[in-house]
Amino acid sequence: MFKRLGETASIVTIEVDGKTVRARTGDTVAAAMLAGGIDHCRTTPVSGAPRAPYCLMGVCFECLVIIDGIGSRQGCLIPVRDGMRVETQQGKREAGR
Amino acid sequence: MARTADVVVIGGGLHGCSTALHLALRGLKPILVEKDYAGRHASGVNAGGVRQLARDIAEIPLSISSMTIWEHIEELVGDDCGFASHGTVLVAESEAEFADFRARVDDLQLRGFTHEELVDRTELRRLVPAVSDHCPGGVVSRRDGAADPFRTTQAFRRRAIEKGAEVIEGVTVTGLSRIGTQWRVETSDGPIEAPKVVNAAGAWADRIASMLGEPVPLEVIAPMLMVTSRLPAFIEPVVILRGRKLSFKQVGNGTVVIGGGHRARPFRDQNRTVLDWQKLAVSAATVWELFPVMREATIVRAWAGIEARMPDDLPVVGPSSTSEGIYHQFGFSAHGFQLGPGTGAMMAELIATGATNVPIDGLGIERFAAG
Amino acid sequence: MTGPSDLSSSYDLVVIGGGPAGLAAAALAARAGVSTVLFDENPGIGGQIYRGITSTPIKNRAVLGEDYWAGASLAAEAKASGAQIVTGATVWSLDPSRQVGVSIGGEARMIQAHRVIIATGSLERPFPIPGWTLPGVMTAGAAQTALKAHGLVPEGRVLLAGSGPLLWLLAAQLLRAGTTIETILDTTPRSNWLRALPHLADFLLSPYWSKGLALLREVRAKVPVIPVQRLSAHGEGKLQHVEYQSAGKDYRRQADMLFLHQGVVPNVNLANAAGVAHRWSERQLCFEPVLDVDSGSSVSGISVAGDGAGIAGGTAAVERGRIAAIAAVRAVKPSASVPDPQSVRQRLQREELGRGFLDALYRPADMFRLPEGETIVCRCEEVMAQQIHDMAAKGCEGPNQMKAFLRCGMGPCQGRLCGLTVTELIANERHTRPADVGYYRLRPPVKPITLAELASLPISEAERKAVER
Ligand SMILES: Cc1cc2nc3c(=O)[nH]c(=O)nc-3n(C[C@H](O)[C@H](O)[C@H](O)COP(=O)(O)OP(=O)(O)OC[C@H]3O[C@@H](n4cnc5c(N)ncnc54)[C@H](O)[C@@H]3O)c2cc1C
Ligand code: FES
């Protein structure tokens, strides 16, 4: 996956599927997940195949996750906040849960 | 030399394609002329609601005859058109509204129409578990459903061709003139002559009518729709409201289509519409109140289709009041998709035999005649 | 942080996109006294090239190179200009009357603009090979963003594949950051060299020439480069190995990360949805907006600047942003003093000199643009190449009909990652040109918004009443 270059100044922690992940202030959710070794962030609503962030620039929508209960958020555009709750988005799980 | 046909059908929406198919099934040779491609406008982009519920008395017979065809659509066109029947539910948002609905259902019963059925709070929740608590009941039409509009229009087009109709796309009708017992239809690709012509030109039908000296007060409208990304299944029937504009349905693939009649600005000469987000926001707020589970759903697309509306919200179907051999089939006022299969059959019958068994009283163009 | 309540209901100029074009445009206009707001959906300004410019954790300037750091002054200028700069702001609608729908922190607003400059830039050309949807396969741009904005570098067995200047730049940056790249699989067709030769003289005069050559040398000294004619990614649930063909022989190689790139193309979604006319560029194999000399589009008051107007690169984007801004200032405030557009145009011409050579040399091979069989074309709806071939063979003439039949382009990315592929596949199958096939007809919202966001649009009681029956 990815590793951090050098040390990071300020650390926040977020929760991904109940697991604590350390992130740097300024990380996006997708970056924090990639650095945290989480190898996919969702499964597709069509075939259930696993997907991970692909473009990191907001165009591919592969990084969709559930953030603080709201589904289909683009993880690569949203900065982490301390205590943020992130869930991987399984299939059609987005609303009405 | 002009091409010839038994009937020229102007417009490749569901209505034009359906009439062409039914004419071909009766052994006639129709040529259908479409200025863009079949299903490009209202017929291909509508909400796909196949609804008998809450229709004006004048169009109920046409709607019922259409429903029978919908239920055997695959036998007719060789494609199930994505049709699924889970009913339509008209939800009452207050006791006063519920009382009105009861009066309407009673009235229909007296007239012999039984497709609308009053449902109480418990049955409403059984049909639509996700509906908000403030709704006291509603009306259901259980045989109603929904289909895929573009696929349906294309299926009718394809089958019409298989049965001998000719479909010419990307060609515009520019004039109509009488030559003896024939009509000469001028198009951007040369003339066509036929004894009979069907005007199914949707939002452009007034232009055809005025070529005949038969102007109609047609309003060009552009109803808007929005669709969400795929969601887990949570609702089966189509839900509509009366007090506020809403139609709401989840398609088999999980996406939810939200509509109900809020309108965009149409530019019919450019085939364009400009959406009105303020009004879509009102739709969003309505859904928010009615279906709390939808609050975090994402809207992935919104669009509008260009459609014809008549002042009384009823279609114009039947023979021209001024010109022998001309038939009108337009002005479906944002609820003509369900009527497509049956209206085509009725028109073909009318054209081929000079009469039809389906009552269409009150739908003729003469109701708009000056004076 | 700027929130929705800090916004005015109207501006003289709304700039959409905070890359070089947008930053330069906003700075020039605001300095001329035109009320200007700039929206960018990313958490920071800089766009793709200067991503993370105000916040990058990479302190060693050599890693990203001096060309990157040039962005710092551009960002500083924009900030000092008086333009209101709003990040984390997604523009999801723009219509021909220049109403801008924007969403900030979960709340939506409609804003009226007198002039709009679309500076939404480019995105990487789709690279539809078998397995491109596997976790572990990403775009080269993604690796760059991870590095610039977050100080993240890939680990494990890292491969790069594709062609184009950006691939080499990424390779150099990763190497300087200490990453080991196992191989670069070069998909540039050899025959491209011949096609590029006629443009060589211009290229030699352009600023790209010496920089490009130095970059190639730097990378080739450390990484083996293998020319490949076929490429696919494989693995169970994630990338495990890559297969490729080189000089007629098949190879297989273990891999943890594969970064793909075959050039960039304009991100046309917003302009297309606003009704801006586009045309097919045979030279760059993509659709681009039709523009006048001032960057004005077919829709009055809307111009397009930067790579969204056709690919020309970051420094050219700055000049193109200025040209659009000068036109906007002249329209809104004719008394303001602005630079002479002629001198800006001259600088732009110099920047654009080398383009012809690069476009010809790095024109991606048919093989990698026209997938076959079970290769996924539409990632969102998982539509395969064969389905598109079959539908086109059955008579489906355009992407909009294709969309209605197969749902390709109907997912959340709204065709950004399949649009060009679908157009080219249809053209190929039906023996016509992409120009005749056309592109998806796009509709707002150009980015999905939640129902909650939409419901948050302020609506007056009168409006609410007006739409009730
Ligand atoms: C957004 C929306 C949602 C809707 N939802 C529903 C629903 O849920 N249920 C329902 O029952 N109905 C619905 N409707 C209405 C339904 O789609 C229409 O009533 C029906 O499709 C009308 O069919 P048509 O063939 O008359 O019109 P159209 O589909 O508009 O077809 C007319 C065709 O004529 C062509 N034409 C016009 N002039 C010329 C010319 N001079 N030469 C050649 N060709 C010409 C046009 O290009 C067009 O393709 C909806 C409509 C819209 C717009
Ligand atoms: S990774 Fe592509 S949109 Fe987020």
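Data for the structure
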{"read-out": "Shielding of C:189-202 by partner chains, average beta-carbon count, 10 Å", "value": "0"}
{"read-out": "Net charge of Cβ neighbours under 11 Å - reference B:Leu28; Lys, Arg +1; Asp, Glu -1", "value": "+3"}
{"read-out": "Cβ-based charge dipole, the range C:353-442, positive-most Cα from C:Pro364, C:Leu406, C:Leu442", "value": "C:Leu442"}
{"read-out": "Fewest-first sequence of C:Phe39, B:Phe113 by Cβ atoms within 10 Å of each Cβ", "value": "B:Phe113, C:Phe39"}
{"read-out": "Estimated FRET transfer efficiency (C:Gln229, B:Glu71; beta-carbon r; R0 51 Å; 0.05)", "value": "0.40"}
{"read-out": "FRET E, pair B:Thr322, B:Ala54, Förster distance 45 Å, beta-carbon r, rounded to 0.05", "value": "0.85"}
{"read-out": "10 Å Cβ neighbours from other chains, averaged over peptide B:215-228", "value": "1"}
{"read-out": "Shape of the range C:126-262, Cα gyration tensor, a/c cut at 1.5", "value": "oblate"}
{"read-out": "Three-way shape call for the protein assembly as shown based on the alpha-carbon gyration tensor, with the a/c threshold at 1.5", "value": "prolate"}
{"read-out": "Segment C:Asp67-C:Gln245, length gained on full extension (0.36 nm per residue, minus Cα span)", "value": "60.6 nm"}
{"read-out": "Whether the range C:1-138 is rounded, prolate or oblate, judged on the alpha carbon gyration tensor where a/c under 1.5 counts as rounded", "value": "oblate"}
{"read-out": "Where a label projected 7 Å from the Cα of B:Glu186 along Cα→Cβ would reach, residues of the range B:26-56 with amide N under 12 Å", "value": "none"}
{"read-out": "Neighbour-count ranking [beta-carbon atoms within 10 angstrom, fewest first] of B:Met224, B:Met346", "value": "B:Met224, B:Met346"}
{"read-out": "Shielding by partners, peptide C:134-146 (average Cβ within 10 angstrom, other chains)", "value": "6"}
{"read-out": "Ranked packing of B:129-139, C:442-452, most packed first, by mean Cβ within 10 Å", "value": "C:442-452, B:129-139"}
{"read-out": "Protection proxy ranking of B:49-57, C:332-340 - average other beta-carbon atoms within 10 Å, highest first", "value": "B:49-57, C:332-340"}
{"read-out": "Residue order, fewest to most beta carbons within 10 Å, for B:Met347, C:Met1, C:Met384", "value": "C:Met1, C:Met384, B:Met347"}
{"read-out": "For B:Arg157, net neighbour charge (Lys/Arg +1, Asp/Glu -1) across residues whose Cβ lies under 15 Å away", "value": "-1"}
{"read-out": "Residues B:Asp361 and B:Thr122, FRET efficiency given R0 of 51 Å [Cβ-Cβ distance, rounded to 0.05]", "value": "0.85"}
{"read-out": "In nm, spacing of pseudo-spin labels at C:Ala214 and C:Leu200 (7 Å Cα→C-beta vector)", "value": "2.3 nm"}
{"read-out": "Burial ranking of peptide ranges A:51-63, B:190-202 (average Cβ count within 10 Å, highest at the top)", "value": "A:51-63, B:190-202"}
{"read-out": "Helix-only [θ]222 nm of chain C, DSSP H runs n ≥ 4, -39500 (n - 2.57) each, per residue, nearest 500", "value": "-10000 deg cm²/dmol"}
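We did not get these values from a lab; they are worked out from the coordinates using the rules stated. These numbers were taken from a predicted model, which means no experiment stands behind them. We place every Cβ from the backbone using ideal geometry, glycine too, and count neighbours over all the protein chains shown.
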